[in-house]
Amino acid sequence: MTQHSTATTTRQAKRRGKQARANIRAGGRVVGVVRGDTFHKRVQASRHFLKRPAAIAFDVASLREAEAAGAEKVEVTDRETGTVYRAAIGTVWARGWSFNRGYGEQVALALGQWNRDDEPVGQQLTLFGAGA
């Protein structure tokens with residue numbers, strides 16, 4: 001999708017009162033969708049999460065495409081358990097690591113770095129635990 005068609009789609013969605021939506025591809029296949037400021041992806045953890053080290057990985061190009069479509073956060077839903085993992089894309093880039101195991105350049109973020117289910121993303125806590 002060109003930048004012009006992405007912008008047109010965004011304007012059309014806003015006029016209709018809907019969130020803009022952009023399909024994100026990796027290797028020619030749709031791997032997720034950007035709605036609003038979030039890149040949504042649904043996977044089977046047993047097949048798609050890294051086991052050693054335990055992490056969630058993304059095709060680098062798909063993460064960049066999601067950012068270009070306006071995503072600031074990523075939300076990964078495990079189809080098997082229903083668990084939802086959330087992180088800021090900036091966190092994936094800053095705390096993740098790059099690798100290539102034969103499926104192209106990827107970046108992974110350890111499971112311990114993700115917020116789960118209803119935990120807020122990007123909320124900074126003060127010394128005593130209240131939001132800043």
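Temperature 25 °C, viscosity 0.890 mPa s: under these conditions the Stokes-Einstein estimate for the stretch 21-116, based on its Kirkwood radius over C-alpha pairs, is 187 µm² per second. Couplings for the stretch 34-49, taken from phi via the Karplus curve 6.51 cos²θ - 1.76 cosθ + 1.60 with θ = phi - 60°, read 9, 10, x, 9, 10, 8, 9, 9, 10, 9, 9, 4, 5, 9, 10, 7 Hz in order; Gly and Pro are left as x.
Rule-based calculations on the coordinates, nothing more; no lab input. Just so it is clear, the structure is predicted and the values come from calculations on it, not from any experiment.
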